[in-house]
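Scroll down for the structure; my scribbles are underneath it.
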Amino acid sequence: MPMVLGGLKRLELIRTKPELKERLWTVVAALQKGLREAGFDLGKTNSAVTPVYMKGGEAEATNLVYDLRENFGIFCSMIVYPVIPKGDILLRLIPTAMHTLEDVEITVDAFKKVRKTLLEGKYSTTDFAIVEVDM
């Protein structure tokens, strides 16, 4: 039932607050433009969900996503082999109407930094994703 209520609330907001839809597409356009201008491959997308394609393996993708989340405060999901070809990484960003253009700038800058780290091979040799837990 909560999913149904959430869906109904989203429909209500779409009907009563069209400015949210406008703001979402402003944020999406800025994000996708910024990433493309920075040289990222987004493929073809006409959705708010923004794919970012990179090269690397599962460990590199895991470490990269961990770095984005823990050190830059950016959440994105990753898709790797066997869903996509081995050696490819697909990251999915989902901007919302609550994000700002400043958030977009921060995100693009973070992606530039993690791409540099990826290209330097540091994600394949560093265990970012290993978190030690005190028991």
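Nothing in this text is a laboratory measurement; each read-out follows from the coordinates by a stated rule. Predicted model only: the values in this text are computed from it and were never measured. Every residue, glycine as well, gets a Cβ built from its backbone with ideal geometry; the counts of neighbours run over all protein chains shown.
Worth pointing out:
- Across all Cα atoms of the range 1-79, the radius of gyration (one decimal) and Dmax (whole number) stand at 16.1, 44 Å.
- The ellipsoid equivalent to the alpha-carbon distribution of the chain has semi-axes of 29, 19, 15 angstrom, derived from the gyration tensor eigenvalues as √(5λ) and listed largest first.
- Our summary gives the chain a relative contact order of 28 percent, counting only alpha carbon pairs under 8 angstrom and 6 or more residues apart.
- Scanning the chain for GluC sites (Glu not before Pro) in DSSP loops with at most 10 neighbouring Cβ atoms within 10 Å leaves 1-119 as the longest stretch between them.
- Rounded tilt (10° steps) of 101-119 against the dominant C-alpha axis of the chain: 20 degrees
- Loop-resident trypsin sites (Lys or Arg not before Pro) (DSSP state other than H, G, I, E or B) in the range 1-101 with no more than 16 further Cβ atoms inside 10 Å of their Cβ: K44, K86.
- Rounded to the nearest 20 debye, the dipole size of the chain about its Cα centre is 660 debye, using +1 on the Cβ of Lys and Arg and -1 on the Cβ of Asp and Glu.
- In percent, rounded to a whole number, the relative contact order of the range 42-120 is 33, using alpha-carbon pairs under 8 Å and six or more apart.
- Straight-line reach from K55: taking Cα to Cα under 17 Å and skipping same-chain neighbours fewer than 8 places apart, the lysines in range are K86, K112, K113, K116, K122.
- Both radii were evaluated on the Cα set of the range 42-120; the Rg over Rh quotient, with Rh as the Kirkwood radius, amounts to 0.95.
- Summarising the amide proton neighbourhood of D88: residues at separation of 5 or more, or on other chains, whose placed amide H is nearer than 5 Å comprise G56, Y81.
- Cα lying deepest toward the dipole's positive end in the chain, options L24, V80, L11, charges on Cβ: L11
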